[in-house]
Each structure stands twice: as structure tokens, then as C-alpha cells.
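Enquirer: Next up is a structure, given as C-alpha cells.
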Amino acid sequence: MKVVRCLLLLVFLSPWSVWAFEMPDVSVHGFVSQGYLNSSDNNYLSTDSMRGTTQFTEAGVALSSEVSDKLHIGVQFLSRDLGDVGNGTVKLDWGFADYSHNDYLGIRAGKVKLPFGFYNEGRDTDLLRPMVFLPQSIYDETRRDLLVAYQGAGLYGSAPAGALGFFDYHVYGGGINIDDDSLLITALKQNGTFSTRKAVIPTLAPLIGLPAAQAYAQQLSITSLKVNNNYIAGGSLILNTSLDGLRLGGSVMRVENDIDYVLNRSINPTVVAGGNPLNIMVPTPLTGTIDNELTWVASLEYTIGDFLLASEYSETKRKQTYNGYVALDATSQSYYVMGAYTLYDRLTLSLLYDVYYADKSDKDGKDFAATSPDRKDFFTWRKDFGVGARYDISPNWLIKAEYHVVDGAALFLTTVNDPSKLVQDWDYYTVKMSFNF
Amino acid sequence: MRSLTILIFVSLTFFASVVGAADISLVVNKSNPVSSISEQEAKMIYLGNKKSWDNGEKINLYSQYDYVLRDAFSSKVLSKSGQQFETYWKKALFTGTGRPPIDVKDDTEMKKFIAADARGIGYISSASIDDSVKVVVIK
């Protein structure tokens, strides 16, 4: 929080607080947003949201410079605080060199925002969207680290497509960083602990008996976990159709990661059967994998005057293994429809219907619930109906408010709640104010 | 009475935008050989997808602070509201993928900038056209 306050002070007390400023070759722009999040029955994105939380802050400063007509460089530093994630630490959001050979071909190298769906690149900048939250089925906050940016190189360009209009493309390859405090890490620890407990019972039971094996398994847990990305690769193609206001797009992405994790005790059957606590209570390092084998998104956006209709559909084939045990091998399904209408260029009213299924072949969650009495069927889906309003006070200031009714607890709600107390039907509202210069 | 006021306001706003849309012209430097561009080219230029003139020189984009003229222009050429146009370029700015057009105060300032910038393109109300700049026709 200290860093956020410093950034806020920098923005508000500086002489640049009203307009961005241009130094000879460098432009400096920035934004700050502060929100309030409150949910009923379940915590959402923060372990404090049922009480209401103001730990919902973003501040960014972007610097860019045109080195020549074809080469420009830029960097953006971002500080985020969302519940236990971020805590105001300033990080490099993006920073790259961009060489535009011609309109058809350019190259970006460095840390670049990931072109995924129509809205992922702007996910951290509140002022770019009608609602506070992007549709979570596709732009899930808990998987932000997987989606926010790649470190590597990408080719991009635009070209006319005759009567169809013109298209933009961006293909890329590189790596990603996953922060240790992200909710994804918490979710992987939970899933890994569950899977390890399940996997160890058949190997221990022949030596120590089933009841003892089950009791021992319940004491196992992952104490630390680190994700090491192998690569990310993908691309997006957007057709700006000749029908005014209609954009169509498609994105694909593949991510492979290894995981290193540590169990709180041994799972070696001989050691456990030996019964010596000095040998059993030894932290055990293990490895695994977490892969998004294929994610694809089909996107549509239609703007007619002040009315915006956006809809996207996505599937992700995911696989996770812990010490060779396959903990997850499923394809998730996501889609949403959002409409927004702007009155007098200032007030925008939005409606959203957003659906996520963790496993499209188990939409009712029965197979998932059958794996353990601790697992409920509604952990596998999330259906969110939201209404929102955005008011642009000036080109620099805006305020948003929205209310969502949710059925289901998918998308890692278990990471900020006691899973045994999760409720299927819940709601949340949020108010957020943003400033940009 | 309130409904009538709203109706009159909406009608005037619509009328103003229609009139404004009809009265806007794209202008370039007099040394620029381009005299006409297609609707699609105009859109690609103002959305940053076409960054260079046919001779390879970089295109310098100019826009106006005046929201009435800007709204009319973006509605006519880009099929976007003024706010959508502004948000589009803020996205480019905050993702590092582009720099927004240079904003100028009014038609007089726009003509001054375009007259001094051989690579520039801007828009003004047609009533302000004079021989300091060259009009580019949208085909």
C-alpha cells in the first residue's frame, strides 16, 4: 500500500496532475483507480470482500519514445492491490521495442501485452472498458499471470482484405512469469494437495492398511509451489469488417509449465511403513506440469452509434500432473454476451451474462462431486448476470458501479473461502473511480 | 414539458451531428501528392493501422480538442462515437501499441500544423478550408 500511496501522491501533487506532459522525446501518461468490493455469502478475489474491501487499486505510469519513424520504445510500470495479491508492489507491466517495417509487418520484442480475445491487452486499465470487471469466464482475474503479457517477440501488422475490410494480426512466442502471491498458485497448491492425497492411498494401503493410509494422506499438504514456464506461443487475427462497427476475431494460445513443489512429509511407502517420525516428517520436493494445451477464443464486437454489443466464446484444454498423477485433464468452456449503451457521451449502462464451465463434458459437476464428499457440483460452474453504470465525469475522471448475481463457485473461489462453507448462489457489487492523464 | 425538452435536445444533437458530419474535410500538407483516399484507408489511417504514406513516409495524425467536431469526424469516418475514438487511442497508449493523434485547439491551429508538417493529416470543418492546406477527398 505504501507504494500505491507514493504513486497517488506523485500523480496528485505533481504539476502534471491535469494533463500528461511531453518532454522532448518522451511522453508520460498514467492512470490510477480505486475501488470498493463487497460480496455476500462468499468472498470474491479477496478474503475480506464479505466485509467489504478497498484493497482494489491499480496505478500505472507509461513512458514512450519514438526513436525514429520506424522504431519506438515504451514501458509501463504498474502497481496493483487486489486482496492478498499485488499489495501495491510496483512491477513492469510491459516494456518493449517496436520496429514497424511497414504497415504489413512489424516486430515487438520485450514484455508485450498478450493479444488474447478482444480485451485482454487492456485488462489492467479500468478506463478502457464499460464495466469494472471484464467478463470473468474469459478474462479471469485469478489466471491473470497466465494471460497478462509474454516476454519474447511478436510479429504484427495490418492489411486490407478487399471487400471484407481489413485485418490485424499478431503472432508471438516467449515466456511468462507467474507471481508467487497469485491466486493461481494457491489454487494449484489446493488441487495438488487433493490429488497427492488421492494418489498416495493405493501405494500405502498394501503396507499399512487402508484406514491408516487414508489418515496419513489427510496429513499431507503442499507447503510451497513454484511454476516454471517453458514457453507460451499464440496469435490473434482480427477482421475489421466493411460493415461499419463490426469486428470479428480469433485467438489461439498454448502454454507449458513445469512445477516444483514441496510436500510437508514423505510419500515413500517404505519410509512411511517404517514408522520413524524423523524420516517421515521430512519435506519432500516433487515435480509436475501445468499446461494449457490449447486455448482459443472467437470474438465479435458490433458498435452501432452509441450501442456496443460484444460476445466471445472460448475453450481451454488443460492438463495438470503432480508427481506423475494426472490431476486434471479437461476442457473448460467460457462465453458471454455484453451490451452497453452510452447516453450523451458520458453515461454508459451495461448488461452482462457470463458463463463458465470448468469441464464442458461435466457441466452439472456430478463427476467432479463424486471424487470427494468435500467437493460440491457447483464448484465447477459460474453463471454471472451483471448490470453496471459508468459515468465519465471528464476526459480524465470516471466512476463506475455494478452489481452481479452469481450461480456457482468455479474460477478458484476456493482460494479465498473455506471450501466447506461455499454457497452456490451469491452476489457482489463494486464501485470504482479512475483518473488518467 | 420535460419529455418535450428531452425530445428537442435529442433532435438538436442528432441534427447537429448530421450537419457536422456533412461539413468535415480531411486535409493534408499542400506538398502531399495524395488527393483522394478510400473510406477504408481513412479508417485505417485514423485507427493507426496504416502508418505510412505510399512514399514510405510516416503519417502524422492530428485531431481536435473540440468534441463536437471530433465526434462528427469519428462518427462519419470511423463509425465510432467520440468517446469510443478516445478510448481506442487510450488503449493503444496504455498497451504501448500506438500513440494517439496530436490534439490541436481548432481549425485555425489545425491548418497551421498541417501547413508546417509535410507528413500530417487532420480534419477541419469545410467552412474553414483555405489555400494553406490541401483537401483530401474520401472516395
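Enquirer: Has segment A:100-108 got at least one residue that is over 16 Å from the mean Cα position of the chain (by Cα), over 20 Å from A:S182 (Cα atoms), away from chain B (no Cβ under 12 Å) and not polar (S, T, N, Q)?
Expert: So far as segment A:100-108 goes, yes, one or more of its residues are over 16 Å from the mean Cα position of the chain (by Cα), over 20 Å from A:S182 (Cα atoms), away from chain B (no Cβ under 12 Å) and not polar (S, T, N, Q).
Enquirer: Here is a further query. Being in contact with a Gly (Cβ under 8 Å, 6 or more places away or on another chain) and surrounded by fewer than 20 Cβ atoms within 10 Å (Cβ to Cβ) is the filter; apply it to segment B:63-75 and report the residue that is farthest from the other protein chains (Cβ to nearest Cβ).
Expert: B:V68
Rundown of residues vs (1) more than 9 Å from every other protein chain (Cβ to nearest Cβ); (2) assigned to a strand (DSSP E or B); (3) within 18 Å of A:F435 (Cα to Cα), yes/no style:
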| residue | (1), (2), (3) |
| --- | --- |
| A:H29 | no, yes, yes |
| A:Y36 | yes, yes, yes |
| A:E58 | yes, yes, yes |
| A:S65 | yes, yes, no |
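Enquirer: Provide a single number: the residues in segment A:334-390 that are in contact (Cβ under 8 Å) with a residue 24 or more places away in the chain and in contact with a Lys or Arg (Cβ under 6 Å, 6 or more places away or on another chain).
Expert: Final tally of qualifying residues: 5.
Enquirer: If the requirement is being loosely packed, with under 15 Cβ neighbours inside 10 Å and closer than 26 Å to A:L351 by Cβ, which of these qualifies: A:S394, A:S372, A:S361? First the steps, then the outcome.
Expert: On the way: A:S372 fails: closer than 26 Å to A:L351 by Cβ; A:S361 fails: closer than 26 Å to A:L351 by Cβ.
Testing whether each residue is loosely packed, with under 15 Cβ neighbours inside 10 Å and closer than 26 Å to A:L351 by Cβ leaves just A:S394.
Enquirer: Go through the residues of segment A:233-249 one by one and say whether even a single one is hydrophobic (A, V, I, L, M, F, W, C), in a loop (DSSP other than H, G, I, E, B) and within 14 Å of another protein chain (Cβ to nearest Cβ).
Expert: Yes: segment A:233-249 contains one or more residues that are hydrophobic (A, V, I, L, M, F, W, C), in a loop (DSSP other than H, G, I, E, B) and within 14 Å of another protein chain (Cβ to nearest Cβ).
Enquirer: Please specify each residue of segment A:379-437 satisfying the condition of being of a type in the set (V, I, T), farther than 23 Å from A:T57 by Cα and assigned to a helix (DSSP H, G or I).
Expert: A:T380
Enquirer: I would also like to ask the following. Tell me, which helices (runs of 4 or more DSSP H) wholly within segment A:134-231 include 3 or more residues that are among the polar types (S, T, N, Q) and touching a residue at least 12 places away in the same chain (Cβ under 8 Å)?
Expert: Hits in segment A:134-231: A:183-208.
Enquirer: Here is a follow-up. Specify which of the listed residues (B:E57, B:E39) is under 14 Å from the mean Cα position of the chain (by Cα) and within 10 Å of another protein chain (Cβ to nearest Cβ). Outline the logic, then answer.
Expert: Working: B:E57 fails: under 14 Å from the mean Cα position of the chain (by Cα).
Checking each option against the conditions leaves just B:E39.
Enquirer: Report yes if B:S74 is within 17 Å of A:E301 (Cβ to Cβ) and in contact with a helix residue (DSSP H, G or I) (Cβ under 6 Å, 6 or more places away or on another chain), otherwise no.
Expert: Criteria met by B:S74.
Enquirer: Across segment B:88-123, what is the total count of residues that are of a type in the set (A, V, I, L, M, F, W, C), within 10 Å of chain A (Cβ to nearest Cβ) and under 13 Å from the mean Cα position of the chain (by Cα)?
Expert: Selection size over segment B:88-123: 1.
None of the figures in this text is laboratory data; all of them are computed from the coordinates on show. The structure presented is a predicted model; accordingly, all values stated were derived computationally and were not measured. So basically every Cβ, Gly included, is an ideal-geometry build from the backbone, and we count neighbours across all protein chains shown.
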